[in-house]
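Chemist: Okay, here's the structure, questions in a sec.
The values are calculated or read from the model by the stated rules, or taken from the named source; none is laboratory data. All values derive from a computational prediction rather than experimental measurement. Note: ideal-geometry Cβ built from the backbone for every residue, glycine included; neighbour counts use all protein chains shown. Side chains included, ligands, DNA and RNA excluded: accessible areas come from the protein's heavy atoms. Shrake-Rupley method; radii C 1.70, N 1.55, O 1.52, S 1.80 Å.
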Amino acid sequence: MPLSVLERRSELEVRARKSGELRLSPSEEVVQPPPSVDLVVGVADVLHNINAFKNCPVDVWNEQGVYRIMFRCASRSCGSLEQRHRVRAAVCRALAAAATRKCVRASLANTKDCLVNLLLTLTTTDEGDDDEKSARTQTFSLLAALLPERSAGDVVWTELTHRQAMPFFTIVMHSLQIDDDELQDAAMHCLTQLIRSASNKKHADKISDESFIEFFSNMKYENAVQSARSGAGDSGRDDCQPEYLCEELCKLLINTFQELFDKRKCEASQEEAWVRVSSCLCVLVSCCARCRAYGTHRQLPRALLAALRVTRDHLAMHGKPADVIRNANHEPVLNTLYWLLTLISSLMLDCPAAKEAFADNITCSLNKLWPWCMMTEQLRTAIMHLLVTFTNDCPKAWACMCACVGGRNLVGEVCRVVGRGGGPLLPALRTLRHCAAHHHCRAILLKSEVLSFMSKTCGRGASWSAACGAWARLCTALARHADGGAALLALPALRPPHPRLLPALTHAAHHHRTAFLHAPDLLEFLSAALLTGNTSEVVLAARAAWALAANNHRAKLVLRGAGVTSAVQSALQRHHRSTAEDAQQALQLLTYTYNVLQAM
């Protein structure tokens with residue numbers, strides 16, 4: 001093309017415009033129309049279908065921005081209401097399928113404006129037509145797929161706390177009440193992931209941030225219908241009107257849980273809806289203290305105990321057939337038992353009222369179900385975590401642990417779990433530590449093989465593992481009592497003791513002065529802790545020395561001969577040069593202990 005023609009380009013464009021001829025104008029910007037509804041829906045359906053193939057190039061398409069472009073189409077505002085619903089349903093379905101890949105999920109979670117616009121689409125509670133229900137279902141599914149990413153959870157919760165909390169949770173409650181199984185399932189799944197994302201929020205120093213959970217727990221339920229009987233909750237399910245939004249959600253889930261369980265009883269786990277509502281209810285009550293209190297008030301422990309009895313009776317009637325033992329991981333009744341145990345454990349978390357409600361009737365069921373709970377790793381973990389929560393600071397639970405049913409008690413069974421050396425060892429040791437304060441539980445524990453087994457196991461290891469740390473804390477709890485301290489001092493595998501056992505030996509010195517003074521290795525251990533230990537170890541060793549020497553002239557002579565007195569003096573001189581606050585407190589204790597040892 002000649003250069004003169006290019007220079008006259010504007011003139012040629014003007015002539016072409018006047019003559020009305022078809023033209024292409026490179027100097028003018030052409031505004032392309034938005035893609036049609038059918039085109040967007042078609043592309044979304046293609047992406048959804050292709051995603052099922054293993055060789056689908058999801059990573060390449062994600063790098064090219066295909067999914068981010070589709071994400072912007074999810075909240076498009078042009079077209080009629082029916083067209084917008086069609087587009088949102090198709091796009092969210094395709095993106096939810098692709099979000100199973102980590103790269104796509106992270107890319108979409110970092111698209112803040114699209115996430116906010118997606119939340120804005122959940123603003124109407126009108127029942128609508130099938131297109132509206134489908135769009136809402138797929139929107140919940142996409143949000144649930146993105147919320148495991150921390151960035152997406154922070155964006156969603158920030159938007160909810162500032163503007164959209166009440167409209168969003170109102171539509172969630174409306175979806176839980178509507179007669180559409182797919183929509184209910186998607187709403188429960190989204191609610192589960194939303195509460196989990198709030199509970200996983202961390203500060204910069206990795207400490208848990210409870211701000212989102214507190215906001216959710218303190219939201220008032222604006223649509224609550226108050227009546228004269230409001231708050232009673234004694235004559236039926238509908239008498240107790242919730243005051244907070246989380247309580248209303250808990251109420252809806254409890255009713256759905258009970259209705260679904262009543263249909264299938266022991267085989268309720270075959271219903272996906274029951275498993276989903278059980279999972280959602282577990283997350284809700286474990287994260288929200290107000291929901292635990294409300295669930296206890298609504299007699300949820302009574303319903304769970306009744307379900308546990310039904311499952312127990314069913315398993316006891318059928319015994320242990322070979323096919324059940326062989327396929328225990330896929331047995332519907334055992335899966336139902338797992339969800340019941342998990343929900344009971346979640347409801348008892350830091351809730352004394354729930355623990356006491358369960359303590360009345362749970363002993364018989366747990367003892368009879370124990371052989372079944374030992375059949376799979378999932379059930380073993382569930383029952384041990386339940387016992388850890390149940391026995392934590394609950395004297396009524398300690399009495400249940402030592403109660404004998406059919407020749408079996410729970411403390412003895414936990415001791416056997418520890419003695420076998422397999423399974424959930426850490427929860428078992430924690431349970432025994434919680435029960436050590438009860439004299440009957442402690443007697444059963446001391447007669448078992450737990451002490452000898454764990455002392456040999458930790459004595460053989462070159463490094464001090466997490467199980468050995470739990471064992472040391474159990475020894476400390478036992479040594480607070482005279483019988484426990486005597487059993488620890490009698491262990492031959494305890495010599496030489498590990499420094500982590502120093503708190504237990506300090507407690508034992510208060511109860512068994514004579515046995516301690518006749519053990520040169522223990523006195524040498526105290527001297528070494530005073531000379532080379534850190535501040536906390538020096539404090540513990542000084543307390544043990546003071547307990548041995550107090551009001552006993554012979555003990556003072558023995559401690560002098562063993563070098564404990566000189567070790568206290570050396571530790572005293574070393575801490576004189578320190579200005580730390582804990583060192584000054586240790587200095588006061590060392591001074592008092594040295595004066596006691598020197599007094600005649």
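Chemist: Does any residue in region 151-177 that is charged (D, E, K, R) come within less than 9 Å, Cβ to Cβ, of a residue that is surrounded by fewer than 18 Cβ atoms within 10 Å (Cβ to Cβ) and not in a helix (DSSP H, G or I) six or more places away or on a different chain, and which pairs are these?
Modeler: Asp154/Lys201
Chemist: Filter region 148-172 down to residues that are under 23 Å from Ser278 (Cβ atoms) and open to solvent by 10 Å² or more (accessible area, probe 1.4 Å), then give me how many there are.
Modeler: 1
Chemist: Here is a list: Leu366, Leu349. Which entry is touching a residue at least 12 places away in the same chain (Cβ under 8 Å), outside any helix (DSSP H, G or I) and aliphatic (A, V, I, L, M)?
Modeler: Leu349
Chemist: Got a number for residues in region 490-508 being among the charged types (D, E, K, R) and either surrounded by 18 or more Cβ atoms within 10 Å (Cβ to Cβ) or over 19 Å from Ser465 (Cβ atoms) (or both)?
Modeler: So the count comes out to 1.
Chemist: Can you tell me which of (1) in a loop (DSSP other than H, G, I, E, B); (2) of a type outside the set (D, E, K, R); (3) open to solvent by less than 60 Å² (accessible area, probe 1.4 Å) is the one Thr123 doesn't meet?
Modeler: All conditions pass for Thr123, except number (3).
Chemist: From the list Leu531, Leu517, pick out the single residue that is touching a Ser or Thr at 6+ places or on another chain (Cβ under 7 Å), touching a residue at least 40 places away in the same chain (Cβ under 8 Å) and of a type outside the set (Asp, Glu).
Modeler: Leu531
Chemist: What number of residues within region 167-196 are part of a helix (DSSP H, G or I), among the aliphatic types (A, V, I, L, M) and farther than 22 Å from Asp209 by Cα?
Modeler: Of the residues in region 167-196, 8 are part of a helix (DSSP H, G or I), among the aliphatic types (A, V, I, L, M) and farther than 22 Å from Asp209 by Cα.
Chemist: Something else now. Given Ala466, Ala472, which one is open to solvent by 40 Å² or more (accessible area, probe 1.4 Å), within 27 Å of the chain's Cα centre (by Cα), among the aliphatic types (A, V, I, L, M) and at pLDDT below 95?
Modeler: That would be Ala466, the only listed residue that is open to solvent by 40 Å² or more (accessible area, probe 1.4 Å), within 27 Å of the chain's Cα centre (by Cα), among the aliphatic types (A, V, I, L, M) and at pLDDT below 95.
Chemist: Report whether or not Arg309 is surrounded by fewer than 18 Cβ atoms within 10 Å (Cβ to Cβ), in contact with a helix residue (DSSP H, G or I) (Cβ under 9 Å, 6 or more places away or on another chain) and assigned by the TED database to the domain that holds Lys355.
Modeler: Taking the combined requirement at face value, the residue satisfies it.
Chemist: Let me ask something else. Is it fair to say Gln83 is over 35 Å from the mean Cα position of the chain (by Cα), open to solvent by less than 80 Å² (accessible area, probe 1.4 Å) and either at positive phi or among the polar types (S, T, N, Q) (or both)?
Modeler: yes
Chemist: Name the one entry in His553, His511 that is surrounded by fewer than 19 Cβ atoms within 10 Å (Cβ to Cβ), of a type outside the set (Ser, Thr, Tyr), in contact (Cβ under 8 Å) with a residue 24 or more places away in the chain and more than 21 Å from Gly484 (Cα to Cα).
Modeler: Just one listed residue meets the conditions, His553.
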